[in-house]
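To start, the structure under review is shown below, and the notes come after it.
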Amino acid sequence: MKKVILTGDRPTGKLHLGHLASSLRLRLKYQIEADYDEMYVFSADMQGLTDNAKTPEKIKENVFEVIKDNLSIGLDPNKITFFVQSGIPELNELTMYYLNLVTLSRLKRNPTIKEEIKQRGFEESIPVGFLTYPISQAADITAFDANIIPVGDDQIPILEQVCEIVDTFNNTYGEALVRPKYVIPENKSSRRLPGTDGKAKMSKSAGNCIYLTDDTETVRKKVMGMYTDPNHIKIEDPGNTKDNPVFIYLDAFCKDRDKYEELKSHYEQGGLGDKAVKEYLFEVLEEMLTPIREKRAYYDTHPEIVEEIIKDGTKKAREKASEVLSRVRKQIGVEYFN
Ligand code: TRP
């Protein structure tokens with residue numbers, strides 16, 4: 001079977017280290033290892049609108065920005081099809097057919113949706129589009145026969161629901177859809193990076209992110225202000241590295257594994273100060289972010305290139321999606337004229 005990799009980002013803000021550690025780096029890995037037949041990366045603007053309906057300017061501002069974030073880490077527009085979700089109306093028709101295959105109670109039980117409803121204070125008034133985004137995500141994936149979906153671990157329940165929709169479709173109408181598999185990073189720390197404040201997740205709304213576009217001074221300030229082990233008061237005190245975001249980031253990003261292990265055991269024994277560890281983390285991040293900033297600067301000064309990449313990609317993606325849509329219509333029997 002063909003290896004079709006697909007993943008998307010909601011354009012609700014610029015991408016940060018949490019995205020880089022999980023889904024973005026996996027994309028790069030597939031590209032570098034040339035381990036795919038087709039790869040698609042898209043800006044999920046319609047999904048972004050499901051909880052930003054009243055602030056569409058926020059989405060508009062970020063639609064190209066998230067693609068630029070993807071390009072800046074080294075994803076190659078000659079190898080990957082970049083597109084905008086709203087440029088593929090076929091996705092909405094697929095969503096209409098899939099809506100009938102899912103119950104309201106199943107949607108409400110989705111742990112990610114539940115958590116996100118709480119975070120957004122939507123309990124009393126959930127936008128229908130938001131509640132049903134796993135269904136439109138099934139359309140995003142199946143429209144390209146995608147079978148490998150690199151994500152952060154918060155997306156696992158969504159992907160499980162997508163698989164259920166695929167199974168229900170195939171059982172009801174006959175095999176027509178490809179069943180996807182999610183992939184998450186092997187390194188646990190990379191699956192869901194905590195915020196600089198130690199909170200469970202890096203998120204824009206919590207204000208605890210380091211962005212791919214942050215400059216050196218901003219990164220330094222954020223790293224130096226990071227939460228660490230609050231009981232590590234004197235340098236001699238033994239420190240906790242487990243719930244300590246500084247060490248979690250090092251685990252996710254430090255290439256020199258011996259050095260990482262050495263710092264970790266030194267900190268746990270006592271005698272290693274937070275400032276020294278943060279200095280080192282800052283160096284590690286700078287080394288990683290410098291080439292990303294350079295590529296980003298190129299695309300920032302060549303907006304016409306970015307636009308062309310996305311425009312061409314959207315056209316190509318639409319051709320593929322309409323093939324799959326025809327197959328789906330045929331399978332259901334929504335085909336009345338010759
Ligand atoms: N839900 C994903 C996120 O919030 C974005 C997304 C939309 C997506 N459609 C997708 C990811 C399809 C993978 C596949 O990050």
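Scanning the stretch 91-125 for residues that are of a type in the set (D, E, K, R) and either touching a Phe, Trp or Tyr at 6+ places or on another chain (Cβ under 9 Å) or closer than 16 Å to Gln137 by Cα (or both) gives Glu93, Arg106, Lys108, Glu116, Arg120. Does Ala21 satisfy the criteria of being away from the ligand (no atom under 13 Å from the Cβ), open to solvent by less than 10 Å² (accessible area, probe 1.4 Å) and in contact with a helix residue (DSSP H, G or I) (Cβ under 6 Å, 6 or more places away or on another chain)? For Ala21, the condition - away from the ligand (no atom under 13 Å from the Cβ), open to solvent by less than 10 Å² (accessible area, probe 1.4 Å) and in contact with a helix residue (DSSP H, G or I) (Cβ under 6 Å, 6 or more places away or on another chain) - is met.
Annotation: Tyr182 fulfils all but one of (1) touching an Asp or Glu at 6+ places or on another chain (Cβ under 9 Å); (2) of a type outside the set (D, E, K, R); (3) open to solvent by 80 Å² or more (accessible area, probe 1.4 Å); (4) assigned to a loop (DSSP other than H, G, I, E, B); the unmet one is (4).
When you go through (1) within 14 Å of the ligand (Cβ to nearest atom); (2) open to solvent by 20 Å² or more (accessible area, probe 1.4 Å); (3) not in a helix (DSSP H, G or I) one by one for Asn92, which number turns out not to apply? Here Asn92 clears every test but (3).
Evaluation of Ile126 against the conditions (1) away from the ligand (no atom under 13 Å from the Cβ); (2) touching a Lys or Arg at 6+ places or on another chain (Cβ under 9 Å); (3) part of a helix (DSSP H, G or I); (4) of a type outside the set (Asp, Glu) shows that the sole unmet condition is (3).
Taking the listed residues Tyr280, Tyr267, Tyr249, the one that is assigned to a helix (DSSP H, G or I), within 26 Å of Leu26 (Cα to Cα), hydroxyl-bearing (Ser, Thr, Tyr) and more than 22 Å from the chain's Cα centre (by Cα) is Tyr280, with no other qualifying.
Only a single criterion out of (1) surrounded by 15 or more Cβ atoms within 10 Å (Cβ to Cβ); (2) not assigned by TED's automatic domain parsing to the domain that holds Leu250 is not satisfied by Leu289, namely (2).
For the stretch 129-154, taking the residues that are within 12 Å of the ligand (Cβ to nearest atom) and free of Cβ contacts under 8 Å to residues at least 60 places away in the same chain, the one that is surrounded by the fewest Cβ atoms within 10 Å (Cβ to Cβ) is identified as Asp154. If the condition is being surrounded by 15 or more Cβ atoms within 10 Å (Cβ to Cβ) and within 22 Å of Val324 (Cβ to Cβ), then the stretch 100-128 contributes Leu101, Val102.
Just one of (1) closer than 18 Å to Ser189 by Cα; (2) loosely packed, with under 14 Cβ neighbours inside 10 Å; (3) under 22 Å from the mean Cα position of the chain (by Cα) fails for Glu261. It is (3). Exactly one residue among Asp69, Asp35 is away from the ligand (no atom under 12 Å from the Cβ), open to solvent by less than 60 Å² (accessible area, probe 1.4 Å) and modelled with pLDDT under 95, and that residue is Asp35. Within the stretch 162-199, which residues are closer than 18 Å to Lys3 by Cβ and among the β-branched types (Val, Ile, Thr)? Val162, Val166, Val178, Val183, Ile184 - these are the residues of the stretch 162-199 that are closer than 18 Å to Lys3 by Cβ and among the β-branched types (Val, Ile, Thr).
For Gly225, are the conditions met, namely being surrounded by 13 or more Cβ atoms within 10 Å (Cβ to Cβ), small (Gly, Ala, Ser) and in contact (Cβ under 8 Å) with a residue 12 or more places away in the chain? Spelling it out, it is not the case that Gly225 is surrounded by 13 or more Cβ atoms within 10 Å (Cβ to Cβ), small (Gly, Ala, Ser) and in contact (Cβ under 8 Å) with a residue 12 or more places away in the chain.
The values are calculated or read from the model by the stated rules, or taken from the named source; none is laboratory data. Bear in mind the structure is a predicted one, so any value in this text is a computation, not a measurement. Positions of Cβ are backbone-derived with ideal geometry, glycine not excepted, and every protein chain shown enters the neighbour counts. Calculation scope for accessible area: heavy atoms of the full protein, side chains included, ligands and nucleic acids excluded. Shrake-Rupley method; radii C 1.70, N 1.55, O 1.52, S 1.80 Å.
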